Amino acid sequence: MHELLTDAANRAARYVREAGSRRVAPGPASLAALDQLGGPLPELPTPAPEVLELVDRVGSPATVAASGGRYYGFVNGGILPASLAAGCLATAWNQNAALHVMSPVGAALEQIALEWVSDVLGLPAGCGGAVLTGATMANLSGLAAARHALLHRAGWDVERQGLFGAPPLTVVVGDEVHVSLLKALGLLGLGRDRVTRVPADDQGRMRAGALPVLDDRTIVCVQAGNVNTGAFDPAREIIERAREAGAWMHVDGAFGLWAAASPRYRHLTEGFEQADSWATDAHKWPNAGYDCGVALVRDAAHLHAAMTATAAYFTPGGLREPSQFTPEMSRRARGIELWAALRSLGRRGLADLVERTCGHAQTFARRLREHGYAIVNEVVINQVLVSFGPPDVTTAVIRRLQDEGTCWCGGTEWQGHTAMRISVSSWATTDEDVELSIAAIVRAVDECRRG
């Protein structure tokens, strides 16, 4: 076992060391080689060292180098060294984070990490929370707490009685609501298409003046960080309306909510702290590694009521039991990596990570604009949308850039624009990475225009 783990550590270290110098997306030959991993399941056991060698030799070249500094797709973060190392140890520990008795260290680090997240985001003390796979499950958890609270107020126990015959709830979203929140609404039985949509402005921000009439059976969902533009809904005005009506305020802050950790960008999140629930990702800006999302609820009792479950063979004790605040029972102790990421960064390191990546985004926008390309959004944080002319040209540039391999940027359709989306989210991105990426983008444009 010692030799096997040493071999694995050496291979992992080599992969991380080379991630910054290899092509970001795998080439055709690497993808074709994946066939070597298939075929019928062998009849006889394969020695563990051979399994490791095979998956490294064939699998590593077929990965996307998201842990390097030139991956700008899907608002995906990198992974901090401390989080990566803690994750290796956590895998060796093989902890089930369902109950405190199953993993005292897993339960303890999760609780500490949640308190740190709540504090650094400027949220109320005493929030209930959960460490989850990502913002989709975080949105689901926050909205489940909202569903419980509003229906409980109306005299209905939704966890026991379900939604059949329940008093109706209204869900209000912005016109550019993220699909993960709609998916969560569908899973909760609240309906993806039953939402009331509020028009958005030219940056994707909900128009507060267009809010419908709200009441105490309304859930209002606002965004901290539009997935295309990075824009923030006008939280203070919207939440004031919600408070007056007794509505529940939920924040989808998958990445933008972390702007609160930066003195330079904190003003963008003013007002969001007054909400009732928040969803965010720690595998985006904090770079805790995949996967790690966080749900926080102002009144922990609502989250607990929505998620708690007991059985004869396990009885929650007097301490916080993680599974009583999450959709899952058995689950990986991913709070360990979150704790390690935050402990390694500290307040100043987290602020620097946010500010440095936003600075890189500003550089992308300025330099690409100097080359004559259109930046179609206000670059408020780490999101840049760039158009290279007609839609077919922009699409061709994106495809050529992805094939070339220096960096990776995705495409999007936003308010009538076909654009390339640059999301700078990794601690590993350097000034040199930005310059290399800009040069690659310019080459791709020139090549596409030449035909």
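The values are calculated or read from the model by the stated rules, or taken from the named source; none is laboratory data. Just so we're clear, the structure is a prediction, and the values are computed from it rather than from any experiment. Note: ideal-geometry Cβ built from the backbone for every residue, glycine included; neighbour counts use all protein chains shown.
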Among Glu321, Glu270, Glu337, which is buried (at least 19 other Cβ atoms within 10 Å of the Cβ) and over 17 Å from the mean Cα position of the chain (by Cα)?
Glu321
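When you scan segment 1-91 for helices (runs of 4 or more DSSP H) that lie fully inside it, which ones turn up with 2 or more residues that are within 29 Å of Gly410 (Cα to Cα)? Write out each step before concluding.
Numbers: elements: 2-19, 28-32, 48-54.
Passing ranges, in order: 2-19, 28-32.
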Looking only at segment 19-52, filter to residues that are more than 31 Å from the chain's Cα centre (by Cα) and surrounded by 12 or more Cβ atoms within 10 Å (Cβ to Cβ); which one of those is nearest to Ile398 (Cα to Cα)?
Val51
Taking the conditions exactly as written (on the phi > 0 side of the Ramachandran plot and at pLDDT below 95), does Gly122 satisfy them or not?
no
Can you tell me which of (1) among the hydrophobic types (A, V, I, L, M, F, W, C); (2) crowded, with 16+ Cβ neighbours inside 10 Å; (3) over 18 Å from Val64 (Cβ atoms) is the one Cys409 doesn't meet?
(3)
Of (1) out of contact with any Ser or Thr (no Cβ under 6 Å at 6 or more places or on another chain); (2) closer than 30 Å to Gln95 by Cα, Asp291 satisfies every one except (1)
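Within the bounds of segment 407-423, is there any residue that is assigned to a helix (DSSP H, G or I), in contact (Cβ under 8 Å) with a residue 12 or more places away in the chain and either outside the structural domain of Ile441 (by TED's automatic domain parsing) or within 29 Å of Val177 (Cβ to Cβ) (or both)?
Taking segment 407-423 and keeping what is assigned to a helix (DSSP H, G or I), we get none.
No: segment 407-423 contains no residue that is assigned to a helix (DSSP H, G or I), in contact (Cβ under 8 Å) with a residue 12 or more places away in the chain and either outside the structural domain of Ile441 (by TED's automatic domain parsing) or within 29 Å of Val177 (Cβ to Cβ) (or both).
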Does Val75 meet the test of being closer than 25 Å to Thr429 by Cα, in contact with a Ser or Thr (Cβ under 7 Å, 6 or more places away or on another chain) and hydrophobic (A, V, I, L, M, F, W, C)?
yes
Take Glu378 and decide whether it is at pLDDT 95 or above, outside any loop (DSSP other than H, G, I, E, B), surrounded by fewer than 22 Cβ atoms within 10 Å (Cβ to Cβ) and not assigned by TED's automatic domain parsing to the domain that holds Thr229.
no
Could you tell me which numbered condition Arg449 fails, if it satisfies all but one of (1) within 22 Å of Gly68 (Cβ to Cβ); (2) at pLDDT below 95?
(1)
Could you list, in sequence order, all residues of segment 424-451 that are in contact with a helix residue (DSSP H, G or I) (Cβ under 8 Å, 6 or more places away or on another chain) and either in the same structural domain as Lys284 (by TED's automatic domain parsing) or over 23 Å from Gly20 (Cα atoms) (or both)?
Val445, Glu447, Cys448, Arg449
Kindly provide the set of residues from segment 119-155 that are surrounded by fewer than 18 Cβ atoms within 10 Å (Cβ to Cβ) and part of a loop (DSSP other than H, G, I, E, B), ordered by number.
Gly122, Pro124, Ala125, Gly126, Ala154, Gly155
In segment 344-395, what count of residues is obtained for those that are in contact (Cβ under 8 Å) with a residue 60 or more places away in the chain and over 21 Å from Ala439 (Cα atoms)?
12
Go through segment 273-316 and give me each residue that's within 10 Å of the chain's Cα centre (by Cα) and surrounded by fewer than 22 Cβ atoms within 10 Å (Cβ to Cβ).
Tyr290, Asp291
Report the residue count in segment 242-252 for those that are assigned to a helix (DSSP H, G or I) and aromatic (Phe, Trp, Tyr).
0
Search result, residues across segment 26-53 that are among the acidic types (Asp, Glu) and either more than 30 Å from Arg70 (Cα to Cα) or at pLDDT below 95 (or both)
Glu43, Glu50
Verdict on Thr229 being within 27 Å of Leu151 (Cα to Cα) and among the polar types (S, T, N, Q):
no
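Residues checked against (1) assigned to a loop (DSSP other than H, G, I, E, B); (2) touching a residue at least 24 places away in the same chain (Cβ under 8 Å):
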residue	(1), (2)
Leu214	yes, yes
Glu237	no, yes
Glu240	no, no
Trp258	no, yes
Pro263	yes, yes
His283	yes, yes
Leu303	no, yes
Filter result (under 21 Å from the mean Cα position of the chain (by Cα) and either more than 21 Å from Gly68 (Cα to Cα) or in a loop (DSSP other than H, G, I, E, B) (or both)) within segment 381-406
Ile381, Asn382, Leu385
Run down Gly77, Gly59 and say which single residue is surrounded by fewer than 20 Cβ atoms within 10 Å (Cβ to Cβ), small (Gly, Ala, Ser) and in contact (Cβ under 8 Å) with a residue 12 or more places away in the chain.
Gly59
